[in-house]
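For reference, the structure discussed in these notes is given below.
The values are calculated or read from the model by the stated rules, or taken from the named source; none is laboratory data. None of the values given here were measured: they were computed from a predicted structure. Because the Cβ atoms are built from the backbone with ideal geometry, glycine has one as well, and the counts that use them run over all protein chains shown. Accessible surface is based on the protein model in full, side chains and every heavy atom, while ligands, DNA and RNA are left aside. Shrake-Rupley method; radii C 1.70, N 1.55, O 1.52, S 1.80 Å.
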Amino acid sequence: MDVFLQTLVAGFLKGGLYALIGIGMTLIMGVMGIINLAHGQLMMLAMYVTFVLNTMGVDPYVSLFVAMPLLFLLGVTIQKFLLNPLIRVETILPENQVLMTVGIGMVLTEIVRFAFKSDYKYVTTEYSNRTFSLGNISFSVPLTIAFGIALLFTLAMFWFLLKTDLGRSIRATAQDKDAATLMGVNTGRITVITFGIGSALVAAAGCLLAPVYYIFPDIGGPFTSKAFIITILGGLGSTVGAIFGGVTLGLAESMGATYFGMEYEDIVGLTIFILVLLFLPGGFKRLTKV
Amino acid sequence: MKAAGSKMKKNLFPLLLLAGLALLPLVLESNYFLHLMILFLLWVVIGSSWNLLAGFTGQVSFGHAAFFGVGAYTAGLLFHHLQISPWWGMALGGVFAFLVGLPFGAICFPLRGAYFALASLALGEGIRHIATIAESFTGGMVGIMIMPTFVSKVPYYYITLFLASLSVLSIQLIMRSKPGYYFISIREDQDAAASLGVNTTLYKNVSLAISAFWTGMAGALYMNYMGFIDPHVVFSLHDYSVMAILVAIVGGVGTVYGPTVGAFIMVAFQELFRTGFFGLFAFLGKATGVAAVTALGDAVKKAHVLGFGILVIVVILYLPNGVVGDWEKIKRNVFRIHPAK
Amino acid sequence: MAFFRVEKLVKTFGGLTAVNGVSFDVEQGQIFGLIGPNGSGKTTLFNMISGVYTPTSGKVLYKDREIQGMKPHKICKLGIGRTFQVVKPLGRMTVRDNVIAASFSRVNSMGEARDNAMEILDFCGLTPVKATLAKSLPIAGRKRLEIARALATRPDLLLLDETAAGLNPTELLSAMNLIRRIRENGTTVIIIEHIMHVIMTISDRIHAINFGTTIAEGTPKEVAANQAVIEAYLGTDYA
Ligand SMILES: Nc1ncnc2c1ncn2[C@@H]1O[C@H](COP(=O)(O)OP(=O)(O)O)[C@@H](O)[C@H]1O
Ligand SMILES: [Mg+2]
């Protein structure tokens with residue numbers, strides 16, 4: 001029973017971070033209608049920012065304030081100069097934007113490999129390995145803090161999307177680009193801002209993950225996969241869905257690792273993903289209608 | 001008259017190219033170049049197969065490593081478990097890849113657009129995980145090793161050339177007949193195609209089956225030629241699923257010869273980087289005595305993936321239809337040739 | 001038994017009932033007009049007949065066979081062709097290749113498909129633009145291509161969804177002419193049209209619906225004089 005509860009808690013905490021990754025992805029997906037296959041690579045970049053700052057003595061939670069604006073700018077640049085120009089050109093495959101993100105992901109990974117080599121890096125803090133206990137269940141301190149901050153960001157994101165003009169424009173663009181344009185929304189600008197926000201959110205996840213994870217250039221790919229699993233689980237473009245998706249994936253991975261063995265962690269995620277595609281196309285959004 | 005002439009030229013060119021390629025080993029004794037040519041021809045097969053499904057039928061797969069890997073493992077495992085010659089495995093490699101394609105299609109084809117791309121990616125990754133975990137059957141991460149049949153590279157070269165010609169020719173013939181017209185209709189508009197009597201699900205699966213078959217053959221040939229495989233090599237998302245896409249994109253999606261051109265560019269490009277522009281940097285470094293140049297050369301050698309990434313970005317931005325698809329544009333802008341009105 | 005009949009067809013989307021119990025018979029060789037204000041459910045009817053949607057309830061009978069719920073490509077093979085109100089050209093194929101693709105529903109060899117396509121292109125007056133990419137045709141050309149493609153599948157029953165919308169007077173005349181010639185070749189036609197004088201002059205019989213239900217059926221004269229029809233149309237005109 002304790003093992004089960006422990007697994008549940010670990011999965012749930014991880015799920016909070018995954019939700020943050022998923023929300024960034026789902027925003028981009030909703031507004032641009034494309035999957036961003038460089039999403040994990042953007043997170044990887046944020047982890048390295050955290051790492052570099054850490055070597056200079058900056059706490060990972062402080063580096064949030066550096067990594068998020070930096071990645072926001074990078075996201076804006078990518079959307080403005082690499083993705084938006086593609087909307088106008090006619091090509092055989094509509095997936096050109098997606099393929100572009102593949103190229104971007106490769107470039108980011110390789111640049112980092114040049115700068116930092118392929119070996120594992122660690123962000124060490126005095127609390128990296130600290131835990132506290134409630135009953136028989138132990139909580140990792142950094143993961144709990146990460147969960148709290150992720151929750152904060154998620155709530156802030158909801159407030160932003162629901163209550164601000166910019167947020168409403170983003171939602172309008174996601175729902176119907178043409179209608180939004182007719183209503184006077186500058187959708188080109190909205191896509192740029194959204195990509196920036198999505199990148200900043202995944203950057204936050206990177207900073208929060210840095211103290212508990214090892215960092216290497218190729219970590220981006222697996223996290224891109226996780227990001228799209230989360231988004232599909234939640235239903236493309238649904239923010240609430242992304243939270244459910246994130247928590248589900250976190251729990252599933254935890255359970256898989258505890259009850260089948262570490263090497264099954266990834267395959268559990270993929271299996272759930274395929275089951276959802278088969279039996280619940282549209283993801284959890286279909287169940288909750290949000 | 002002029003039109004007939006240019007059509008003749010169009011048909012003649014591939015034949016001349018083929019003749020040239022067939023004669024190549026007679027003049028070229030370097031194993032190194034033969035190896036590169038074999039890689040190039042393998043990529044012709046894989047890129048053309050991907051292009052049939054994605055470029056012509058509009059179903060953009062991110063999971064072609066699944067078929068390549070299954071082909072390779074079919075050949076490898078037959079030898080490993082049953083001591084059956086991996087050359088038998090080659091034919092079976094295609095067949096097994098095709099069989100894997102059936103559930104693949106059943107899962108992916110009801111989905112459209114982004115969902116299809118993601119599902120294919122997930123399936124490709126899933127198969128890699130399975131091959132890693134099923135250690136007792138596949139050898140897991142240890143991989144499979146077999147003794148190559150031939151010492152010389154020449155037989156491998158001719159076999160690959162044969163496979164490449166056959167696959168490209170088959171695709172060309174298909175695209176000039178009923179299934180080809182149906183594939184393109186599906187790509188252009190599924191609803192319109194269905195209203196014109198096209199069984200879209202069936203023909204998507206036909207396209208996938210052919211694509212998977214050739215890719216599986218390429219995988220099995222790879223096993224024979226390289227003599228070693230493991231799950232991370234042959235089921236690699238980046239080295240095969242994504243690379244197949246890049247080959248086609250660079251050469252020209254939805255054109256018969258685009259992937260061939262793309263395969264050549266990609267292999268040449270990779271080699272250019274891997275060898276530091278064929279030793280140019282090392283040479284310059286030595287000649288000028290500047291250490292920085294030598295260092296730059298060393299950096300370039302490791303930069304081929306970075307190079308691919310940049311190539312993809314540049315191609316998508318400036319030649320979105322690839323070298324073959326945008327040939328007119330290239331002629332206009334680079335060579336300043338304007339078609340006579 | 002009628003050549004073609006729909007019986008109490010119903011289609012709901014979530015809470016919305018788009019078609020609510022429509023029945024009618026079409027006789028072989030007729031031009032049968034289907035009218036109704038925007039959003040009254042005409043296209044949805046076509047989509048049920050051509051297999052795009054499965055009816056929520058009701059039957060579609062064609063040559064004594066129930067065909068509701070069959071897949072679109074099967075229905076095409078049975079001899080029912082259709083055009084789309086929002087045209088769906090196979091954009092990056094030439095006009096000729098569009099029609100060749102459609103011809104393959106009847107023949108398997110390239111030669112036969114090409115011959116069939118040439119004949120149809122000629123019949124529809126598209127021969128001059130046969131080498132043009134479908135996406136670069138002007139709207140009149142695209143509407144005509146829709147018809148040509150449907151004809152290339154050699155239908156016995158042809159469903160035309162607002163093929164005259166957006167045409168200028170000259171194009172309109174030649175479109176009406178084309179539809180008459182199609183009928184003369186023995187093809188039965190069900191036509192949805194908004195332009196009243198077109199549908200009134202061309203149809204043998206007209207069926208009017210509003211909000212998914214039948215409000216009138218009869219000869220063009222009868223329907224034009226029908227109070228419910230006048231109200232439905234004046235209502236929308238003055239709204
Ligand atoms: N796929 C669909 N999903 C939801 N509502 C639909 C769908 N197709 C049509 N409708 C609705 O059904 C009604 C009838 O539409 P339609 O058949 O296109 O009308 P018409 O062709 O007579 O103008 C409209 O209110 C339309 O919004
Ligand atoms: Mg309509």
Quick one: B:Val206 ticks every box in (1) away from chain C (no Cβ under 14 Å); (2) surrounded by fewer than 24 Cβ atoms within 10 Å (Cβ to Cβ); (3) in contact with a helix residue (DSSP H, G or I) (Cβ under 8 Å, 6 or more places away or on another chain) except a single one, so which number is it?
(1)
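Has segment C:64-73 got at least one residue that is within 16 Å of ligand 2 (Cβ to nearest atom) and open to solvent by 40 Å² or more (accessible area, probe 1.4 Å)?
Within segment C:64-73, not a single residue is within 16 Å of ligand 2 (Cβ to nearest atom) and open to solvent by 40 Å² or more (accessible area, probe 1.4 Å).
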If only one of B:Gly197, B:Gly126 is touching a Ser or Thr at 6+ places or on another chain (Cβ under 6 Å) and within 14 Å of another protein chain (Cβ to nearest Cβ), which one is it?
B:Gly197
Residue satisfying condition, being open to solvent by 50 Å² or more (accessible area, probe 1.4 Å), outside any loop (DSSP other than H, G, I, E, B), within 16 Å of ligand 1 (Cβ to nearest atom) and of a type in the set (A, V, I, L, M), within set C:Ile215, C:Ile206
C:Ile215
In segment C:178-188, is there at least one residue being within 16 Å of ligand 2 (Cβ to nearest atom), closer than 24 Å to C:Leu78 by Cα and modelled with pLDDT of 95 or more?
no
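Conditions (1) basic (Lys, Arg); (2) more than 12 Å from every other protein chain (Cβ to nearest Cβ), marked per residue:
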| position | (1), (2) |
| --- | --- |
| C:Asp64 | no, yes |
| C:Met70 | no, no |
| C:Thr83 | no, no |
| C:Ala117 | no, no |
| C:Ala131 | no, no |
| C:Ala140 | no, yes |
| C:Arg144 | yes, yes |
| C:Ala148 | no, no |
Give me the pairs: first residue in segment C:35-48 and in contact (Cβ under 8 Å) with a residue 12 or more places away in the chain, second residue open to solvent by 20 Å² or more (accessible area, probe 1.4 Å) and near ligand 2 (Cβ under 8 Å from one of its atoms), beta-carbon distance under 6 Å, and six or more apart or on different chains, which are they?
C:Thr43/C:Gln85
C:Gly81 vs. criteria in contact with a strand residue (DSSP E or B) (Cβ under 9 Å, 6 or more places away or on another chain), at pLDDT below 95 and more than 16 Å from ligand 2 (Cβ to nearest atom)
no
Within segment A:1-91, which helices (runs of 4 or more DSSP H) (wholly inside it) include 2 or more residues that are at pLDDT 90 or above?
A:2-32, A:39-55, A:60-77
Taking B:Asp239 and the conditions (1) surrounded by fewer than 24 Cβ atoms within 10 Å (Cβ to Cβ); (2) of a type outside the set (A, V, I, L, M); (3) at pLDDT 95 or above, which numbered condition does it fall short on, given that it satisfies the others?
(3)
Among (1) assigned to a loop (DSSP other than H, G, I, E, B); (2) within 30 Å of A:Met25 (Cα to Cα); (3) open to solvent by 30 Å² or more (accessible area, probe 1.4 Å); (4) of a type outside the set (Phe, Trp, Tyr), the one test that B:Leu111 misses:
(3)
If C:Arg154 satisfies every condition in (1) open to solvent by 30 Å² or more (accessible area, probe 1.4 Å); (2) within 14 Å of chain B (Cβ to nearest Cβ); (3) assigned to a helix (DSSP H, G or I); (4) of a type outside the set (Asp, Glu) but one, which is the exception?
(3)
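Looking at segment C:118-127, can you tell me whether even one residue there is within 16 Å of ligand 1 (Cβ to nearest atom), surrounded by fewer than 16 Cβ atoms within 10 Å (Cβ to Cβ) and over 21 Å from C:Pro72 (Cα atoms)?
No.
Residue check: is C:Val95 more than 24 Å from C:Pro220 (Cα to Cα) and either within 16 Å of ligand 2 (Cβ to nearest atom) or crowded, with 21+ Cβ neighbours inside 10 Å (or both)?
Judged against the criteria, C:Val95 is a match.
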Among all residue pairs at least 6 apart or on different chains, which show Cβ distances below 6 Å where the first residue, located in segment C:205-227, is basic (Lys, Arg) and the second is within 16 Å of ligand 1 (Cβ to nearest atom) and part of a strand (DSSP E or B)?
C:Arg205/C:Phe32
Determine whether segment B:293-303 contains at least one residue that is open to solvent by less than 20 Å² (accessible area, probe 1.4 Å) and within 22 Å of the chain's Cα centre (by Cα).
yes
Looking for whichever is within 14 Å of chain B (Cβ to nearest Cβ) and either on the phi > 0 side of the Ramachandran plot or without any contact (Cβ under 8 Å) to a residue 60 or more places away in the chain (or both) here; the options are C:Phe104, C:Phe123. Which one fits?
C:Phe104
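Collect the residues in segment C:162-204 that are of a type in the set (S, T, N, Q) and without any contact (Cβ under 8 Å) to a residue 60 or more places away in the chain, keeping them in residue-number order.
Of segment C:162-204, the ones of a type in the set (S, T, N, Q) are C:163, C:168, C:170, C:174, C:177, C:185, C:187-188, C:201, C:203.
Once the filter is applied, which keeps residues that are of a type in the set (S, T, N, Q) and without any contact (Cβ under 8 Å) to a residue 60 or more places away in the chain, segment C:162-204 yields C:Asn168, C:Thr170, C:Ser174, C:Asn177, C:Asn185, C:Thr187, C:Thr201.
In segment A:135-171, how many are part of a strand (DSSP E or B) and either within 19 Å of the chain's Cα centre (by Cα) or not hydroxyl-bearing (Ser, Thr, Tyr) (or both)?
Looking only at that region, the number is 2.
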Step by step: first the residues of segment C:26-61, then only those that are over 15 Å from the mean Cα position of the chain (by Cα) and open to solvent by less than 40 Å² (accessible area, probe 1.4 Å), then the one that is farthest from ligand 1 (Cβ to nearest atom). Which residue is that?
C:Leu61
Some residue of segment B:99-106 being open to solvent by less than 60 Å² (accessible area, probe 1.4 Å), within 14 Å of chain C (Cβ to nearest Cβ) and small (Gly, Ala, Ser)
no
Only listed residue being under 26 Å from B:Cys108 (Cβ atoms) and either in a helix (DSSP H, G or I) or among the charged types (D, E, K, R) (or both), chosen from B:Leu169, B:Leu161, B:Leu221
B:Leu221
